[in-house]
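Participant: Next up is a structure, given as structure tokens.
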Amino acid sequence: MAFGLPAGQLSQAPNIHSWWDAAKIQEIESFKAQCNDLTLRILPCLAVHMGLPESFFAASHNQALPGNALKFMKYPKMPSKPGPDGLAARLAPHTDWGTLTLLFTEAPGLEVRDPANSWHDVPVIPGGIVVNIGDALSFWTGRKLKSTMHRIAWEKVPFDQDRYSIPYFAQPSFGGWFYTDMV
Ligand SMILES: O=C(O)CCC(=O)C(=O)O
Ligand SMILES: [Fe+2]
């Protein structure tokens with residue numbers, strides 16, 4: 001289930017189930033706001049490190065516009081262990097399309113691909129957050145920052161267990177500008 005509406009508007013979403021009561025929706029709003037604040041603290045660090053004005057990336061992000069999304073994911077357990085011809089991944093290799101993704105999970109299974117095409121496990125650090133660079137930030141920086149190719153391999157998660165994760169996708173604002181020539 002994804003919550004992508006602008007800050008403060010989740011309760012108006014037509015697809016919110018009746019069992020999401022006001023307190024639960026408020027909890028999600030407030031968690032989304034904390035995720036947004038964190039991305040707005042990370043983006044200036046990247047900008048300053050690259051010799052750019054502090055607000056260079058962050059200024060094109062706006063919580064009041066649609067796009068930034070918090071997603072609750074459940075990867076259901078499988079009825080039997082896939083054979084050699086079975087599924088290769090629970091989530092196919094991909095890059096995220098926004099600027100930054102914050103990933104919250106306590107389950108193993110996430111792998112990232114290095115430039116030599118080898119896959120590496122991402123360790124689960126209790127209370128830790130995985131931060132991935134997305135395609136928009138990669139494009140914006142002329143690929144100085146690279147979007148992370150990642151997947152969820154089924155071998156790393158017991159096939160008879162559900163897997164849960166919560167990614168937060170930060171997106172540049174609709175109508176925001178990418179000044180790629182400064183980077
Ligand atoms: O479930 C995960 O750990 C990763 C999810 C992901 O990569 C995505 O939804 O884009
Ligand atoms: Fe992803």
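Participant: Name the single residue that is farthest from ligand 2 (Cβ to nearest atom) among those in segment 96-114 being under 13 Å from Ala69 (Cβ atoms) and touching a helix residue (DSSP H, G or I) at 6+ places or on another chain (Cβ under 6 Å).
Facilitator: The qualifying residue farthest from ligand 2 (Cβ to nearest atom) is Thr99.
Participant: For segment 45-105, which fully contained strands (runs of 3 or more DSSP E) count at least 3 residues that are within 16 Å of ligand 1 (Cβ to nearest atom), more than 16 Å from Gly176 (Cα to Cα) and open to solvent by less than 30 Å² (accessible area, probe 1.4 Å)?
Facilitator: Values: elements: 69-71, 73-75, 89-94, 100-104.
Result: 100-104.
Participant: Just give me the residues in segment 151-160 being more than 21 Å from the chain's Cα centre (by Cα), surrounded by 13 or more Cβ atoms within 10 Å (Cβ to Cβ) and in a loop (DSSP other than H, G, I, E, B), in sequence order.
Facilitator: Pro158, Phe159
Participant: Continuing with the same structure: Take the residues in segment 153-182 that are closer than 19 Å to Leu100 by Cβ and touching a strand residue (DSSP E or B) at 6+ places or on another chain (Cβ under 9 Å), then tell me which one is nearest to ligand 2 (Cβ to nearest atom).
Facilitator: In this case the residue turns out to be Pro167.
Participant: Could you tell me which of the residues Phe139, Phe178, Phe169 is surrounded by 13 or more Cβ atoms within 10 Å (Cβ to Cβ), assigned to a helix (DSSP H, G or I) and of a type outside the set (Gly, Ala, Ser)?
Facilitator: From the options Phe139, Phe178, Phe169, the qualifying one is Phe139.
Participant: Moving to a separate point now. For Ala64, which of the numbered conditions (1) among the aliphatic types (A, V, I, L, M); (2) within 26 Å of Leu5 (Cα to Cα); (3) modelled with pLDDT of 95 or more fails to hold?
Facilitator: Of the numbered conditions (1) among the aliphatic types (A, V, I, L, M); (2) within 26 Å of Leu5 (Cα to Cα); (3) modelled with pLDDT of 95 or more, the odd one out for Ala64 is (3).
Participant: Could you give me the residue pairs with C-beta distances under 8 Å whose first residue belongs to segment 103-127 and is in contact (Cβ under 8 Å) with a residue 40 or more places away in the chain, whose second residue is within 13 Å of ligand 2 (Cβ to nearest atom) and in a loop (DSSP other than H, G, I, E, B) wherever it lies, and which are 6+ apart or on separate chains?
Facilitator: Pairs that qualify, where the first residue is in contact (Cβ under 8 Å) with a residue 40 or more places away in the chain and the partner is within 13 Å of ligand 2 (Cβ to nearest atom) and in a loop (DSSP other than H, G, I, E, B), are Leu110/Val122; Glu111/Val122.
Participant: Kindly indicate whether Thr95 is of a type in the set (S, T, N, Q) and touching a Phe, Trp or Tyr at 6+ places or on another chain (Cβ under 7 Å).
Facilitator: On the way: of a type in the set (S, T, N, Q): yes; touching a Phe, Trp or Tyr at 6+ places or on another chain (Cβ under 7 Å): no.
Considered against the rule, which asks whether it is of a type in the set (S, T, N, Q) and touching a Phe, Trp or Tyr at 6+ places or on another chain (Cβ under 7 Å), Thr95 comes out as no.
Participant: With the condition kept exactly as written, say whether any residue in segment 106-117 is of a type in the set (S, T, N, Q), modelled with pLDDT under 90 and open to solvent by 40 Å² or more (accessible area, probe 1.4 Å).
Facilitator: The answer is no, given that none of the residues of segment 106-117 is of a type in the set (S, T, N, Q), modelled with pLDDT under 90 and open to solvent by 40 Å² or more (accessible area, probe 1.4 Å).
Participant: Across segment 139-161, what is the number of residues that are among the basic types (Lys, Arg), within 15 Å of ligand 1 (Cβ to nearest atom) and either in contact (Cβ under 8 Å) with a residue 60 or more places away in the chain or in contact with an Asp or Glu (Cβ under 6 Å, 6 or more places away or on another chain) (or both)?
Facilitator: Residues flagged as among the basic types (Lys, Arg), within 15 Å of ligand 1 (Cβ to nearest atom) and either in contact (Cβ under 8 Å) with a residue 60 or more places away in the chain or in contact with an Asp or Glu (Cβ under 6 Å, 6 or more places away or on another chain) (or both) within segment 139-161 amount to 1.
Participant: Do we have Tyr168 as among the aromatic types (Phe, Trp, Tyr), under 22 Å from Cys35 (Cα atoms) and more than 9 Å from ligand 1 (Cβ to nearest atom) here?
Facilitator: yes
Participant: Among all residue pairs at least 6 apart or on different chains, which show Cβ distances below 8 Å where the first residue, located in segment 52-78, is in contact (Cβ under 8 Å) with a residue 40 or more places away in the chain and on the phi > 0 side of the Ramachandran plot and the second is within 16 Å of ligand 2 (Cβ to nearest atom) and open to solvent by less than 20 Å² (accessible area, probe 1.4 Å)?
Facilitator: Close Cβ pairs (under 8 Å, with a partner that is within 16 Å of ligand 2 (Cβ to nearest atom) and open to solvent by less than 20 Å² (accessible area, probe 1.4 Å)) amount to Gly67/Gly98.
Participant: Return the residues of segment 39-95 that are of a type in the set (Phe, Trp, Tyr) and within 16 Å of ligand 2 (Cβ to nearest atom); say none if nothing qualifies.
Facilitator: Phe72, Tyr75
The values are calculated or read from the model by the stated rules, or taken from the named source; none is laboratory data. Computed from a prediction, not measured in an experiment: that's the story for all the values here. Quick reminder, even Gly has a Cβ in these numbers, built from the backbone with ideal geometry, and neighbours come from all protein chains shown. We work out accessible area using only protein heavy atoms, side chains counted, and drop any ligands, DNA or RNA first. Shrake-Rupley method; radii C 1.70, N 1.55, O 1.52, S 1.80 Å.
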